[in-house]
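Q: I'd like to ask some things about the structure below.
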Amino acid sequence: MAEKEFTGASFNQFLNEERLMASRCKGCGALYLPPRPLCIKCYSREMMWEEMRGKGKLSTFTVITIAPTLMVEEGYGRDNPHCVGIVELEEGVSISARILGVDVQNPEKIKVGTPLHVEFLHNEKGENSVTYLAFKPI
């Protein structure tokens with residue numbers, strides 16, 4: 001089987017398989033999440049997939065009350081806000097994701113540095129299955 005290309009589609013396919021994958025440069029060892037096909041440090045195109053352990057800490061966050069259409073369809077809005085944050089993984093890369101299991105009604109109780117672990121949110125839409133990346137406190 002051929003290795004998957006370093007694209008957003010491949011990244012999303014790994015999410016559907018409940019795998020958080022990054023790309024690592026074979027030349028200089030730089031790690032990228034979301035994955036990229038070209039190393040921006042040494043300009044190598046020799047990349048490889050690397051699975052992340054899915055553990056990290058909350059680096060920053062925001063609680064959103066004015067939800068985009070997709071989130072409104074899931075029941076989020078002024079009366080039911082959601083949290084999005086940047087998660088710094090143990091491997092040293094960061095990614096934006098939904099943050100679950102925090103008190104969005106009292107954002108002052110959400111703490112930067114909170115240990116988190118990955119969650120995969122599966123959303124069946126007709127024939128299409130979409131998986132979203134999220135993290136929860138450990």
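Every number here is computed from the coordinates shown, using simple stated rules; none is lab data. Computed from a prediction, not measured in an experiment: that's the story for all the values here. Glycine also receives a Cβ, built like all others from the backbone with ideal geometry; neighbour counts cover every protein chain displayed.
Q: Around I40, under 15 Å between beta carbons, what's the net of Lys plus Arg minus Asp minus Glu among the other residues?
A: Local net charge: +4.
Q: A follow-up question, please. Which length gain, in nm to one decimal place, applies between T7 and K41 when the Cα-Cα distance is subtracted from 0.36 nm times their residue separation?
A: 10.4 nm
Q: If a cysteine in the chain has no other Cys Cβ under 4.7 Å from its own Cβ, put it on the list, ordered by number.
A: Flagged as lacking a Cys partner: C83.
Q: So for the chain, taking the charge dipole from beta-carbon charges (+1 Lys/Arg, -1 Asp/Glu), which of N16, V130, Y32 sits furthest toward the positive end?
A: Value computed over the given set: Y32.
Q: Pairs of lysine in the chain with Cα under 30 Å and at least 8 positions apart or on different chains: total?
A: 21
Q: Counting only helical runs of four or more DSSP H residues, what would the 222 nm mean residue ellipticity of the chain come to if each run contributes -39,500 (n - 2.57) and the total is spread over all its residues?
A: After summing the helix terms and dividing by residue count, I get -2500 deg cm²/dmol.
Q: If you restrict to DSSP beta bridges whose two residues both lie in segment 14-138, what percentage is antiparallel, to the nearest 5?
A: That works out to approximately 95 percent antiparallel.
Q: For T60, what charge total do you get from the other residues with a beta carbon under 12 Å from its beta carbon, if Lys and Arg give +1 and Asp and Glu give -1?
A: +1
Q: Rounding to the nearest 20 debye, state how big the charge dipole of segment 1-118 is about its Cα centre with +1 on each Lys and Arg Cβ and -1 on each Asp and Glu Cβ.
A: Magnitude of the dipole: close to 360 debye.
Q: Now for a different question. Express in nm, to one decimal, how much length is gained between N16 and L31 on full extension, taking 0.36 nm for each residue of separation and deducting their alpha carbon distance.
A: 3.3 nm is the gain from fully extending N16 to L31.
Q: Rg(Cα) of segment 52-126 divided by 2.2 N^0.38 Å?
A: It is 1.15.
Q: Less than 11 Å Cβ to Cβ from C25, Lys/Arg counted +1 and Asp/Glu -1: what total charge do the surrounding residues give?
A: Residues near C25 contribute +3 overall.
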